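Input: a single structure, listed below in C-alpha cells.
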Amino acid sequence: MAASPDVIPAAAVPAAPSTPAAPRPQPPAPVPEPRIVPRRRPGRLLAAAVALLVLAMVLNSVVRNRAFQWDVVGRYFTSAAVLDGLLLTLWLTAAVMVLGFLLGTLLAVMRLSGNPVLRTLGWAYIWIFRSTPILVQLLFWFNIGALYPTLGFGIPFGPEFVTFRTVNLLGATATAVIGLTLHEAAYAAEVVRGGILSVDHGQLEAAQALGLSRYRVLRRIVVPQAMRSIVPTAGNMLIGTLKGTSIVSVLAVQDLLYSVQLVYNRTYEVIPLLTVATLWYLVVTSVLSTGQYHLERYYARGASRELPPTPLQRLRGRLRTLTAADAAPALGGHR
C-alpha cells in the first residue's frame with residue numbers, strides 16, 4: 001500500500017526545542033540571633049570592690065592582731081569548762097522556748113477569747129511582763145523569799161495543807177528558768193496571736209460550711225497558714241533567747257558567759273576568753289538560722305507555686321553553668 005504524500009514520517013518531524021528548567025528558590029540565609037549583652041553597672045562593681053577591700057582590711061587586722069591571742073582561743077575553745085557552760089546555755093534556751101511558747105499559746109487563746117475576764121487577764125499579763133526589763137524580773141524572782149518566805153497549798157482563805165520555804169525552793173538555775181519563761185511567754189503570746197489573726201476568716205467559715213470539726217480546722221487550715229507568720233518571728237526570738245541567757249550570769253548560773261568569766265578571772269586572759277564565747281555564739285546562731293530557713297521554706301509551700309532554690313541548689317546551678325560554658329569552646333574546636 002502506497003503511503004500518502006501528506007503523511008510525514010515521525011522520524012522526519014523536527015523535535016521542539018527543550019526549555020531549561022526554572023531554578024529552585026533558595027531558602028533565605030539564616031539571620032544571626034542578636035547577642036544579649038547584660039547592662040553594665042559600674043556602680044555595683046565599685047561598691048563590691050570597696051566592700052571587699054574593707055572586709056580584707058578588717059580580716060587582716062583581726063588575724064594579725066596579737067592581742068587576740070589565737071593560740072589561747074584554740075586552747076580554750078573545746079575545754080571542759082566552756083563546753084559545760086555551752087550545754088547549760090543550750091538546755092536553758094530550749095527549756096525557756098518550749099515553756100514560753102506553751103504559756104504564750106495559752107495567753108494568746110485568752111486574748112482571743114470572747115470572755116472579757118480572760119481577755120483582760122491575758123492583756124494585763126502581757127502588759128506587765130513586756131514593760132519591765134528582764135534583769136529586773138530575774139532579780140525580783142531571785143529575791144522572792146523577802147516577799148514570801150513560805151508558800152503553801154490549801155483552801156483559799158482557809159487552812160494550808162502543805163507549806164515550804166521559798167529560800168530552799170528556788171535556786172539560781174530554777175530562778176533563771178522561771179524568770180526567762182515568764183518574760184518569753186509575754187512575747188510568744190503576741191507572736192501566736194498575730195499568726196492566728198493572719199489566717200483569712202473566710203477560710204474558717206468555708207471549713208465550717210463543709211462540716212469540718214474544730215480540731216481538723218485547726219490542724220489542717222489554721223496552723224499551716226499561721227506558721228508562715230509565726231516561724232520567722234519565733235526564729236528571731238529563739239536566737240534572742242540564746243543570747244539573752246547570758247544575763248543569768250548575774251545570778252551565778254554557770255552558762256557559757258559565766259564559765260568564760262570564771263576562767264579569765266583566774267588567768268586574766270580576758271580578750272581571748274571573750275572571743276571563745278563570741279565564736280560559740282556565732283556557731284550556734286548559724287545552725288539555728290539554717291534550721292529557721294528550712295522551716296520557713298517548708299511552710300511556704302502553699303504560698304507560692306514554686307519554692308525558691310536553696311543556697312546549695314543555687315551553688316550547684318552555678319557550677320553546672322560554669323561547666324557548660326567551659327565545655328562549649330572545646331566542642332566548637334572539635335567541630
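The values are calculated or read from the model by the stated rules, or taken from the named source; none is laboratory data. None of these values were measured; they are calculated from a predicted model. Note that we place each Cβ from the backbone using ideal geometry, even for glycine, and neighbour counts take in every protein chain shown. Ligands, DNA and RNA are excluded from the accessible area calculation, which covers all protein heavy atoms including side chains. Shrake-Rupley method; radii C 1.70, N 1.55, O 1.52, S 1.80 Å.
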note = The condition from (1) at pLDDT 85 or above; (2) over 30 Å from residue 194 (Cβ atoms); (3) assigned to a helix (DSSP H, G or I); (4) open to solvent by 70 Å² or more (accessible area, probe 1.4 Å) that residue 11 misses is numbered (1)
inquiry  = Looking at the range 199-232 only, could you name the residues that are closer than 30 Å to residue 181 by Cβ, open to solvent by 60 Å² or more (accessible area, probe 1.4 Å) and touching a helix residue (DSSP H, G or I) at 6+ places or on another chain (Cβ under 7 Å)?
reply    = 228
query = residue 170: modelled with pLDDT under 80 and either within 21 Å of residue 237 (Cα to Cα) or surrounded by 16 or more Cβ atoms within 10 Å (Cβ to Cβ) (or both), yes or no?
reply = yes
query = Right, residue 203: modelled with pLDDT under 80, more than 20 Å from the chain's Cα centre (by Cα) and over 24 Å from residue 301 (Cβ atoms) or not?
reply = no
ask   = Pairs under 6 Å by beta carbon, first residue without any contact (Cβ under 8 Å) to a residue 60 or more places away in the chain in the range 226-247, partner surrounded by fewer than 19 Cβ atoms within 10 Å (Cβ to Cβ) and not in a helix (DSSP H, G or I), six or more apart or different chains?
value = 226/199; 229/198
Boolean, residue 121 is open to solvent by 80 Å² or more (accessible area, probe 1.4 Å) and in contact with a helix residue (DSSP H, G or I) (Cβ under 8 Å, 6 or more places away or on another chain) = yes
request  = Report, by residue number, each residue of the range 61-73 that is open to solvent by 50 Å² or more (accessible area, probe 1.4 Å) and within 15 Å of residue 279 (Cβ to Cβ).
outcome  = 63, 68, 69, 70, 71
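Name the single residue, out of those in the range 266-280 being in a helix (DSSP H, G or I) and over 29 Å from the mean Cα position of the chain (by Cα), that is nearest to residue 77 (Cα to Cα). Steps first, please.
Step one: of the range 266-280, the residues in a helix (DSSP H, G or I) are 266-267, 270-280.
Right, trim to over 29 Å from the mean Cα position of the chain (by Cα) and you get 266-267, 270-272.
Details: 266: 16, 267: 15, 270: 14, 271: 13, 272: 10 Å.
Top of the filtered list is 272.
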query = Here are some conditions: (1) loosely packed, with under 12 Cβ neighbours inside 10 Å; (2) farther than 30 Å from residue 237 by Cβ. Residue 131 meets all but one. Which one does it not meet?
reply = (2)
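Condition check ((1) of a type outside the set (Val, Ile, Thr); (2) modelled with pLDDT of 90 or more; (3) under 29 Å from the mean Cα position of the chain (by Cα)) across all residues:
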position: 29; (1), (2), (3): yes, no, no
position: 66; (1), (2), (3): yes, no, no
position: 80; (1), (2), (3): yes, yes, no
position: 85; (1), (2), (3): yes, yes, yes
position: 100; (1), (2), (3): yes, yes, yes
position: 122; (1), (2), (3): yes, yes, yes
query = Among 199, 217, 192, which is without any contact (Cβ under 8 Å) to a residue 24 or more places away in the chain and hydrophobic (A, V, I, L, M, F, W, C)?
reply = 217
message = Among the residues in the range 233-249, are any open to solvent by 50 Å² or more (accessible area, probe 1.4 Å) and over 22 Å from residue 290 (Cα atoms)?
response = no
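Does at least one position in the range 152-160 carry a residue that is touching a helix residue (DSSP H, G or I) at 6+ places or on another chain (Cβ under 9 Å) and open to solvent by less than 70 Å² (accessible area, probe 1.4 Å)?
Initial filter on the range 152-160 (touching a helix residue (DSSP H, G or I) at 6+ places or on another chain (Cβ under 9 Å)): none.
Checked against the condition, which is being touching a helix residue (DSSP H, G or I) at 6+ places or on another chain (Cβ under 9 Å) and open to solvent by less than 70 Å² (accessible area, probe 1.4 Å), the range 152-160 yields no hits at all.
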remark   = residue 162 passes all but one of the listed conditions (1) aliphatic (A, V, I, L, M); (2) over 28 Å from residue 188 (Cα atoms); (3) under 44 Å from the mean Cα position of the chain (by Cα); the exception is number (3)
task = For the range 262-279, name all the residues that are surrounded by fewer than 19 Cβ atoms within 10 Å (Cβ to Cβ) and closer than 15 Å to residue 246 by Cα.
result = 262, 274, 278, 279
